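J.: Starting off with a structure, shown below.
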Amino acid sequence: MMTPTISIIGQGKMGKALAKRFNQADIPLQVLGRGQEVVQGKFVFFAVPYEDMISLIFPNQDHFANKIIIDISNPLDYQTKTSPLPPDQSASLKLAELFPNLTFIKAFNTNFSSSRVPAGETPLVLMAGNHPSAKTSFAHLLEQA
C-alpha cells in the first residue's frame, strides 16, 4: 500500500469534499477521525473546528513535526456568531504562535463543501502562510488535484 500524501482529520462535509477531490485525482490519502490514529500524510488537513485543532495538536505535536498543516477553519462562536479571536488575528496566526515549531498554511477557508465548480475547471484556492517552501509544495499538490 502506498504511503498517503494527504491526511484529512475530520469526516464532516469539508473533510468528505476534500477527500472526494483528492481521490478523483488519485492522490494517496487517509481520512481520520479524532482518535489516536497515526497521521501518515505530508499534508495534514484539519477539517474540524478551530478549537478542536488546538486540542488535537497540543498533546500530539511530535506527530505533526515535518508535516504541512492545512488550516481550513473559520473560527466562530456559534452562540454569538462572532469570532473568538481579536479582529487583527487569524486562526492560523494564533496556531503558529501556539505551536512555533510546526508549519501552517491557511487555505480552503473561503471554499465551501457545497461550492460547485464546472467540469474541467479548477477551483480558486487562496492560501497564506509564512513558509514559502511549504506554500510551493502545497501549490504543486493542488495542481495535481
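The values are calculated or read from the model by the stated rules, or taken from the named source; none is laboratory data. Just so it is clear, the structure is predicted and the values come from calculations on it, not from any experiment. All Cβ positions, glycine included, derive from the backbone under ideal geometry; neighbour counts span all protein chains shown.
J.: With farther than 18 Å from ALA145 by Cβ, touching a residue at least 40 places away in the same chain (Cβ under 8 Å) and of a type in the set (A, V, I, L, M, F, W, C) as the only criterion, which of ILE54, ILE27 stands out?
T.: ILE54
J.: Those residues that are within 19 Å of TYR50 (Cα to Cα) and surrounded by fewer than 15 Cβ atoms within 10 Å (Cβ to Cβ), I need them from the stretch 6-25; list them, please. If you could, list the steps in order and put the result at the bottom.
T.: Initially, the stretch 6-25 is screened for residues within 19 Å of TYR50 (Cα to Cα), giving 7-18.
Those that are within 19 Å of TYR50 (Cα to Cα) and surrounded by fewer than 15 Cβ atoms within 10 Å (Cβ to Cβ): GLY12, LYS13.
J.: Could you pull out the residue among PRO59, PRO100, PRO87, PRO118 that is surrounded by fewer than 17 Cβ atoms within 10 Å (Cβ to Cβ) and at pLDDT 95 or above?
T.: PRO100
J.: Next question, about the same structure. Mind checking which residues of the stretch 1-41 are basic (Lys, Arg) and closer than 22 Å to HIS63 by Cα?
T.: Our first condition is that a residue be basic (Lys, Arg); within the stretch 1-41, this holds for 13, 16, 20-21, 34.
Of everything in the stretch 1-41, just one residue is basic (Lys, Arg) and closer than 22 Å to HIS63 by Cα, namely ARG34.
J.: Mind counting the residues in the stretch 46-56 that are exposed (fewer than 14 other Cβ atoms within 10 Å of the Cβ) and either in contact with an Asp or Glu (Cβ under 9 Å, 6 or more places away or on another chain) or under 21 Å from ALA134 (Cα atoms) (or both)?
T.: Selection size over the stretch 46-56: 0.
J.: Additional query: Just one of LEU18, LEU98 is without any contact (Cβ under 8 Å) to a residue 60 or more places away in the chain and either small (Gly, Ala, Ser) or out of contact with any Cys (no Cβ under 6 Å at 6 or more places or on another chain) (or both); which is it?
T.: Numbers: LEU18 fails: without any contact (Cβ under 8 Å) to a residue 60 or more places away in the chain.
None of the others qualify; the one that does is LEU98.
J.: Considering only residues of the stretch 1-58 that are β-branched (Val, Ile, Thr) and in a loop (DSSP other than H, G, I, E, B), which is nearest to the chain's Cα centre (by Cα)? Write out each step before concluding.
T.: Here is the first cut: in the stretch 1-58, the ones β-branched (Val, Ile, Thr) are 3, 5-6, 8-9, 27, 31, 38-39, 44, 48, 54, 57.
Remaining after also requiring in a loop (DSSP other than H, G, I, E, B): 3, 5, 27, 38-39, 48.
Details: THR3: 18, THR5: 13, ILE27: 16, VAL38: 16, VAL39: 13, VAL48: 9 Å.
Here the residue is VAL48.
J.: On to the next question. Any residue in the stretch 102-114 that's under 8 Å from ILE69 (Cα atoms): show its pairings with residues that are assigned to a loop (DSSP other than H, G, I, E, B) and at pLDDT 90 or above at Cβ separation under 6 Å, as long as the two are six or more apart or on different chains.
T.: THR103/HIS131
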